[in-house]
Every structure is written in C-alpha cells, then in structure tokens.
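Accompanying notes for the structure given below.
The values are calculated or read from the model by the stated rules, or taken from the named source; none is laboratory data. All values reported here derive from a predicted model rather than from experimental measurement. FYI the Cβ positions are ideal-geometry reconstructions off the backbone, even for glycines, and counts take in every protein chain you see. To get the accessible areas, we keep the full protein, side chains included, count just its heavy atoms, and leave off ligands, DNA and RNA. Shrake-Rupley method; radii C 1.70, N 1.55, O 1.52, S 1.80 Å.
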Amino acid sequence: MSDATPTLDAPWPVAVLSQKIRGYIERLGTAWVEGEITQWGVSGGNVYGKLKDLNEDATVSFNVWSSVRAKLDADFKQGDRVIALVKPNYWVKGGTLTMQVFELRHVGLGDLLERLERLRKQLAAEGLFDVSRKRPLPFLPHCIGLITGKDSDAEKDVIRNAQLRWPAVNFRVVHAAVQGDRSVGEVAAAIERLDADPEVDVIIVARGGGDFQNLLGFSDERVVRAAAAARTPIVSAIGHEADRPLLDEVADLRASTPTDAAKRVVPDVAEELARVQQARARIGTRLTGILAAEIDRLSQLRSRPVLADTAWIFDSRAQDLTRFVARGVELVERRLERAGDQTAELRSQLRALSPQATLDRGYAIVQLPDGGVLREAAQAPEGTELRLTLSSGAVTARSTGQTERR
C-alpha cells in the first residue's frame, strides 16, 4: 500500500483510500454504546439493524451474526433501549460502515427509572412543574389542536367524544409518531407548530397507553421543554396510570385517557343548555318576586290617607295662599301709610325752610344788575339799579346811597 501523499499528478486509487479508512477504523477497537433499536431485521439467521442515539439525531447500522445471536439471553425488537459491545467494521467493497455486535443487553428498568427520576428532579427544580405555571383551559375552545398517531384509536376517541358533546367544535390534527425513534422530534415539533397557530385555543397530546418503554418519548426533555414553553394550554392524554410520563407533570391538565381529555376540554351542550334554562328560571322567579314585592309596597303607599284623598293638599295650600295674600296686602298698606306720613313731614320741613315763605312774610330779595344778591349797602352806591323780588312779582328801584340803620 502506498504511503505517499496523494497529489493531482499521483492520486490514490479508490482501493488505497478504502484500505486506509478500514485500517484507521479497525484501530478504534471495541466500545460499549447505548441507544435505541430503530430497525431489527433477521435474514439467514443474522440480524441487520440500526441503533439511534437517545438524545441526538445520530444513527449507526449494526449487524449481529448468527453465532452471537445464539448466545443472547433475551429477545430484542424495535423500540428497545440497549447497551451493545460493538466494533466498527468498514466494508471496502461496498464503502459502508457498520457496527459488528459482540454483546447485546437490555438497559435495565432500574437504570431507566433512575435517569427519569434525575430528569424529573432537575425539571422540578427549574419550576417547570409548579402549579402556578399551569394555565386554565378555555371554557369553549373554537379550535382544538390534536397531536396523535395517524389513524389511531386515540384520535378517533377524542374527535368523536368532543363532537358528541359540542358538535360545532373544530380540530387541527397533527399526526406524529407516538413511539420509536421519531416520536420525540415529531411530538416536540407538533407542539411548536400548533402553539404558533393563532386559531388553536388548546392542544391535546393523546396516545392510548402502552408499556413503560414505549412511553419514554413523552418523558424526553425536548418534549417536556416544548410543552413548558408553549403559550397555548396543553392537555396530556397519554393514558398511562402506573408510570406517569413527565409530560403529565408539565401539562396544564392531565387526562387519564383520550376520551377523558375530550370531556375535560369540551363542555357538554346538553348540560350547558340545561344550566341556561335553570339560570333563566331562577332569574324569572327572582324578578317575579321583586315585582310582586314592589307592587305590594306601592299598594301600601297608595292606601295611606295622605295619598288616598289628594284634595286636602289643594285645600290646605289655598288657605295658606289666602293668608299670605292678606298678610301681603296688610304689609303693603302699612308701608304706604308710613311713607305718606314721612312725605308730609318732609313737605312741612321743606315749606318752613323755603325762601318763598320768607317772602310771604313781607321780605324781598334785592339783586344787583349782574344778578348777584345784595348783601351789604356798600355793594349799591348811589344810582345803582336794583331788582326787588317780592312774594308776588318783582319791581326795579334805584339806590340813593348808604344810609344809617335805624
């Protein structure tokens, strides 16, 4: 075999590359690996199958020769979780890599339960199972998302029972593998798909029970976290009582069976109509009682003397009005009489103080030519024209000068 580095001018033959690959792989030796059998086919006494990683999307082919198979102390089938002692084997002629199995054992139930319990404690510590996180289901969902196996009894049970209870309910069904190597990825993807649908009001994950190992997909961390992250309420209807999958713990509601899920999610139309009738009857009875009580109350009020004969209201008010009018007239007359007396008194005072009264007693008002009143003799030297206003009329005169007062 050539050890020279291949170049464009001196490439390796395919056989050389294949031999080098085979030599490198054979140096890996044997290894214990764990996985899930996703394919188990027997041909000529030999087994040809596939082993899938429990968490990642990784699969390898394996074969169990008839001599090794004869030594196995148990039966194996698709879906089993196993631990195998394998040695990589590269088939040069076909260019394929397969794992030759030397020993094969089932993963003990105790090991699975221990791992499941560790995951349960981890998720519980994160608060994924807290009751406070659980959301109430809608009273009447218009559209129900359903995740289940294709043509399964679980699908038929949910749809039939839901439509019997409420015929108008709609379903958005997403089929997914509910066991085997594809179940985890498909169920998680289905939850995310329905949760993103704005028309879906609630999601039911349904399966018609099964043994512990077949239900392990519903305890897978990816499925549990997808359900915890969903904003749409989720109902777990796996139908397994003995060992509850972790999906039951994180779901907003756990139903014992798919039929129970339909009954818990959709109200019964007959029961709701009966409740409506009962409510209407109670309301009618209550209203009738209230109206009867108010009618009796009005009758009692109308039967009282004060309301039985209403003429007294007008009579008493008429008497009051007459009394008020008479009192008003009396007050006005008194006010007018006092005002008349005050006017007469003021008139007398005015007359007593009036210049006319002084003139009537023989006095006169002497005015100078400029209209000013003569007050001093010096104001009217000889020859000054004077005007004398008397009690009746006026005369003119001429001053002869100042004379001595007698």
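Summary table
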item	result
Residue within the stretch 178-186 that is among the hydrophobic types (A, V, I, L, M, F, W, C), open to solvent by 10 Å² or more (accessible area, probe 1.4 Å), modelled with pLDDT of 85 or more and under 14 Å from Leu146 (Cβ atoms) present	yes
Identity of the residue in the stretch 307-351, surrounded by 10 or more Cβ atoms within 10 Å (Cβ to Cβ) and within 60 Å of the chain's Cα centre (by Cα), that ends up modelled with the highest pLDDT	Ile313
Sole residue being of a type in the set (S, T, N, Q) and touching a Gly at 6+ places or on another chain (Cβ under 7 Å), chosen from Ser43, Ser66	Ser66
Among (1) open to solvent by 20 Å² or more (accessible area, probe 1.4 Å); (2) assigned to a helix (DSSP H, G or I), the one test that Ala262 misses	(1)
Qualifying residue in the stretch 352-367 (condition: open to solvent by less than 90 Å² (accessible area, probe 1.4 Å), more than 30 Å from Ala397 (Cβ to Cβ), assigned to a helix (DSSP H, G or I) and of a type in the set (A, V, I, L, M))	no
Scope the stretch 1-39; condition part of a loop (DSSP other than H, G, I, E, B) and either in contact (Cβ under 8 Å) with a residue 24 or more places away in the chain or closer than 26 Å to Leu104 by Cβ (or both); matching residues	Arg27, Leu28, Gly29, Thr30
Selection from the stretch 227-257 of residues that are of a type outside the set (S, T, N, Q), open to solvent by 10 Å² or more (accessible area, probe 1.4 Å), over 19 Å from Arg115 (Cα atoms) and at pLDDT 85 or above	Ala228, Ala229, Arg231, Pro233, Asp252, Leu253, Arg254
Test for Phe129: is it free of Cβ contacts under 8 Å to residues at least 40 places away in the same chain, open to solvent by less than 50 Å² (accessible area, probe 1.4 Å) and closer than 22 Å to Arg254 by Cβ	no
Arg222 open to solvent by 30 Å² or more (accessible area, probe 1.4 Å), closer than 15 Å to Ile203 by Cβ and either within 27 Å of the chain's Cα centre (by Cα) or not aromatic (Phe, Trp, Tyr) (or both)	no
Close pairs (8 angstrom Cβ cut-off, 6 or more residues apart or separate chains): open to solvent by 50 Å² or more (accessible area, probe 1.4 Å) in the stretch 53-69, in a loop (DSSP other than H, G, I, E, B) anywhere	Asn55/Asp220; Thr59/Asp53; Thr59/Asp181; Ser66/Gly44; Ser66/Gly45; Arg69/Gly45
Residue within the stretch 268-289 that is surrounded by 10 or more Cβ atoms within 10 Å (Cβ to Cβ), part of a loop (DSSP other than H, G, I, E, B) and not basic (Lys, Arg) present	yes
Any hit, the stretch 191-214, residues being under 22 Å from Thr38 (Cβ atoms), of a type in the set (Phe, Trp, Tyr) and surrounded by 24 or more Cβ atoms within 10 Å (Cβ to Cβ)	no
Flag if Glu103 is open to solvent by 40 Å² or more (accessible area, probe 1.4 Å), without any contact (Cβ under 8 Å) to a residue 60 or more places away in the chain and either polar (S, T, N, Q) or under 14 Å from Thr232 (Cα atoms) (or both)	no
Residue ID - most open to solvent (accessible area, probe 1.4 Å), chosen from residues in the stretch 79-92 that are modelled with pLDDT of 85 or more and not β-branched (Val, Ile, Thr)	Trp91
Output for the stretch 223-267, where each listed residue is hydrophobic (A, V, I, L, M, F, W, C) and under 19 Å from Cys143 (Cβ atoms)	Ala227, Ala230, Ile234, Val235, Ala237, Ala251, Leu253, Ala255, Ala261, Ala262, Val265, Val266
Search result, residues across the stretch 40-76 that are at pLDDT below 85 and of a type outside the set (Asp, Glu)	Leu54, Asn55, Leu72, Ala74
Residue check, Ala168 touching a helix residue (DSSP H, G or I) at 6+ places or on another chain (Cβ under 6 Å) and surrounded by fewer than 22 Cβ atoms within 10 Å (Cβ to Cβ)	no
Count of residues meeting criterion [free of Cβ contacts under 8 Å to residues at least 24 places away in the same chain, polar (S, T, N, Q) and closer than 30 Å to Val107 by Cα] in the stretch 161-212	0
Search result, residues across the stretch 371-388 that are β-branched (Val, Ile, Thr) and either modelled with pLDDT of 85 or more or in a loop (DSSP other than H, G, I, E, B) (or both)	Thr384
Any pair with Cβ under 9 angstrom, 6 or more apart, that starts in the stretch 141-156 at a residue that is open to solvent by 30 Å² or more (accessible area, probe 1.4 Å) and ends at one that is acidic (Asp, Glu)	His142/Glu199; His142/Asp201
